[in-house]
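Participant: What follows is a structure written as structure tokens; I'll ask about it next.
The values are calculated or read from the model by the stated rules, or taken from the named source; none is laboratory data. Being a predicted model, the structure only gives us computed values, none of them experimental. Ideal geometry is used to build each Cβ from the backbone, glycine not excepted, and the neighbour counts take in all protein chains shown. Just the protein is used for accessible areas: all its heavy atoms, side chains included, with ligands, DNA and RNA removed. Shrake-Rupley method; radii C 1.70, N 1.55, O 1.52, S 1.80 Å.
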Amino acid sequence: MPSQAGPPPAEPPLTEYEPEPPAWSAAARFPSPRAALGHVAATAALGPPGLRRSPHDNSVWALLGPGQRPGMPLVAGYGGTVYLADTDGVLWPEDRSAPGARPAGPITAVIGWDGVPLAELAGHSPVGAPPHGLREIAVLAPGALARWLLRRALATGVDTTFTPVERVGPDGRTDTGWLLLRLRATDGAVPAGLVEACGRLPGTVACRPADPDCRVLIDLRLRLPLEDTLLLDEQADGLHVVVECATAGPPWRWQPLGKPAAGALLDAGPVLSTAEPQRTAVPVPALGPPLPVRLVPSPRAPSRVDAVLISDAELDGLRRFLRSRPLHETAVVAFGPGRHLVTEPPGLLESLPFGICVYQAGPGALYLESGCVLSPPLPDPAREEVLGLGGDVIKVLCRDGAWELRFDEVRPAWQLWVPRAPVFATGVSQSARELLGRLARLAPAPEPAAPAAVRTPETERRRLNQAAMEHSLRGEYREAAELLEQAGHFQRAAQLYERAAAQLDEAR
């Protein structure tokens with residue numbers, strides 16, 4: 001009898017393939033994320049390096065394996081430094097004989113630092129105007145802004161679809177108040193005015209999709225030196241990512257909550273019928289969270305220089321610079337928490353070779369970095385309420401921070417190098433006293449002369465100068481010019497009258 005065949009042997013369970021970690025044998029330190037981005041773009045053909053964020057400063061480290069060694073000569077061109085691991089795993093500079101060469105620590109310590117996603121590094125790419133002739137764009141917008149954009153896109157005849165999405169924060173929390181709009185031109189390109197509106201609204205991000213599934217969305221303003229495929233290869237966890245300008249924060253991730261639907265569903269007109277209309281359940285997202293006030297570059301921003309913001313480390317350089325220049329006669333310094341504002345009534349600070357140039361934006365003593373505007377835009381009443389203007393404070397906003405200074409801490413610039421008056425010798429010597437006694441016996445004392453005319457007290461002149469400086473810091477140039485004219489500073493008063501006239505032209 002033929003023997004009965006038993007059950008087939010059980011197959012071993014499938015296990016997920018886990019590649020072994022790369023054998024990192026060197027590292028390159030770059031002083032900034034943009035420098036690291038340039039080197040990664042230049043050596044993309046050699047494979048992805050291990051990018052790490054230094055916990056000590058703003059530098060980015062790239063772990064290099066044997067495959068990346070041909071790209072080491074390019075590190076210095078991007079301002080970086082190459083470190084090689086010895087047999088004990090300690091990183092040493094490539095040239096150990098160089099003066100001051102010291103080890104950077106074990107390579108295992110660098111491996112343990114937080115990784116830097118390539119999408120975050122790409123956010124430091126150069127920024128420019130959105131390109132022309134786009135046939136498709138993707139817009140992420142919160143709440144009612146998405147509905148307004150959708151209606152405007154439908155009015156221009158652009159094919160529009162929307163998808164409800166949720167934003168995933170770094171801590172895993174989600175925000176469902178967002179829509180993904182995809183605008184496709186049926187003939188030609190998406191109108192340039194519509195593209196500009198999508199990127200100008202507060203909270204919206206106008207992007208170009210790197211792939212049909214929108215796994216990676218790239219801000220239209222970014223000029224990436226990398227191929228989009230490198231960013232797509234990094235997205236393997238199922239979430240989608242938005243590569244936005246680095247000034248707007250780190251890249252954020254999102255995931256869809258449904259399938260794409262026709263844009264007309266959110267902007268349908270009333271159905272004039274006796275029958276019960278068929279309704280489609282469409283989620284209407286709520287208004288997004290409050291938007292932080294930040295500075296963004298804008299070609300419409302004033303480029304003039306009304307003052308310069310300097311750091312503590314630049315005070316000594318300011319002292320040496322002003323000591324030999326006539327600017328110190330009128331310049332004043334408003335001292336603050338680690339940043340100090342240097343200004344003077346005529347506004348002649350363009351020659352200062354360091355610091356951040358700012359302009360008087362108003363109302364009051366509000367200064368913004370030159371070439372930048374507030375985002376979202378704020379009218380004067382909103383600026384006073386949100387930024388806390390008025391009183392005896394000066395507010396300065398730059399792209400890397402905001403500072404509050406007080407009028408009580410404003411000092412003339414010449415006090416930077418004259419901390420105290422010299423000691424003067426007083427009295428009359430014994431020899432001179434004897435000589436004066438003999439002269440008094442030989443010649444009678446002269447009759448006292450008539451008192452001279454009383455001049456303007458110096459204290460009044462100082463009061464007028466101080467008041468003029470405060471009016472100038474608040475942008476009240478006409479009032480400052482009148483006070484300087486009373487103090488006798490006619491040239492400076494004339495310069496401020498010119499600034500007041502220019503201010504009226506800008507207001508028109």
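Participant: Want the number for A144 to L315: 0.36 nm per residue separation, take away the alpha-carbon distance, what's left?
Facilitator: Numbers: separation 171, 0.36 × 171 = 61.56 nm, distance 4.83 nm.
Additional length available on full extension: 56.7 nm.
Participant: Continuing with this model, one more query. Dipole of the range 103-261 (Lys/Arg Cβ +1, Asp/Glu Cβ -1, origin at the Cα centre): which of T108, L118, V242 lies farthest to the positive side?
Facilitator: Farthest towards the positive pole: V242.
Participant: A further question follows. Taking amide H atoms as placed 1.01 Å from N in the peptide plane, list the residues 5 or more away in sequence, or in a different chain, whose amide H sits under 5 Å from that of L51.
Facilitator: L63, V116
Participant: Find the eigenvalues of the gyration tensor of the Cα atoms of the range 45-140, then list the square roots of 5 times those eigenvalues as equivalent ellipsoid semi-axes, largest first, in whole angstrom. Spell out each step's value before the answer.
Facilitator: On the way: eigenvalues 224, 46, 36 Å².
Those come to 33, 15, 13 Å.
Participant: Between beta-carbons, use under 14 Å as the cut-off and find the net charge around A481, counting Lys and Arg +1, Asp and Glu -1. Write out the running numbers ahead of the final one.
Facilitator: Numbers: positive: R474, R478, R492, R499; negative: E344, E470, E476, E479, E482, E485, E498.
With Lys, Arg at +1 and Asp, Glu at -1, the neighbours total -3.
Participant: What distance in nm separates the simple spin-label points at T156 and R433, each placed 7 Å from Cα in the Cβ direction?
Facilitator: The answer from the label model is 9.4 nm.
Participant: Same structure again: Charges only on Cβ, +1 for Lys and Arg, -1 for Asp and Glu: so what's the dipole of the range 131-246 about the Cα centre, in debye to the nearest 20?
Facilitator: Working: 13 positive and 16 negative charges, 131 e Å.
I would put it at about 620 debye.
Participant: What chymotrypsin sites (Phe, Trp or Tyr not before Pro) does the range 176-258 have in DSSP loop regions with at most 13 other beta carbons within 10 Å?
Facilitator: Values: sites: W178, W252, W254; in loops: none.
Counting only loop positions with at most 13 other Cβ atoms within 10 Å, none of the chymotrypsin sites (Phe, Trp or Tyr not before Pro) in the range 176-258 qualifies.
Participant: Between A42 and S324, what's the calculated FRET efficiency when r is the beta-carbon distance and R0 is 30 Å? Round to 0.05.
Facilitator: It comes to 0.10.
Participant: Can you divide the C-alpha Rg of the range 86-197 by 2.2 N^0.38 Å and report the result to two decimal places? Provide the component values of the computation, followed by the final result.
Facilitator: Values: Rg = 23.8 Å, N = 112, 2.2 N^0.38 = 13.2 Å.
After normalising by residue count via 2.2 N^0.38 Å, the value is 1.80.
Participant: Ok, one more. Considering amide H positions built from the backbone, and no H for Pro or chain starts, which residues 5 or more places from G177, or on another chain, come under 5 Å of its amide H?
Facilitator: R167
Participant: If you wrap a convex hull around the alpha carbons of the range 119-262, what volume per residue comes out, as a whole number of Å³? List each step's numbers first, then the result.
Facilitator: Details: hull volume 15.6 nm³, N = 144.
Hull volume normalised by residue count: 109 Å³.
Participant: For the range 73-231, what is the accessible area per residue in Å², given a 1.4 Å probe and the full set of protein chains?
Facilitator: Working: 7600 Å² over 159 residues.
So the range 73-231 comes to 48 Å² accessible per residue, rounded to a whole number.
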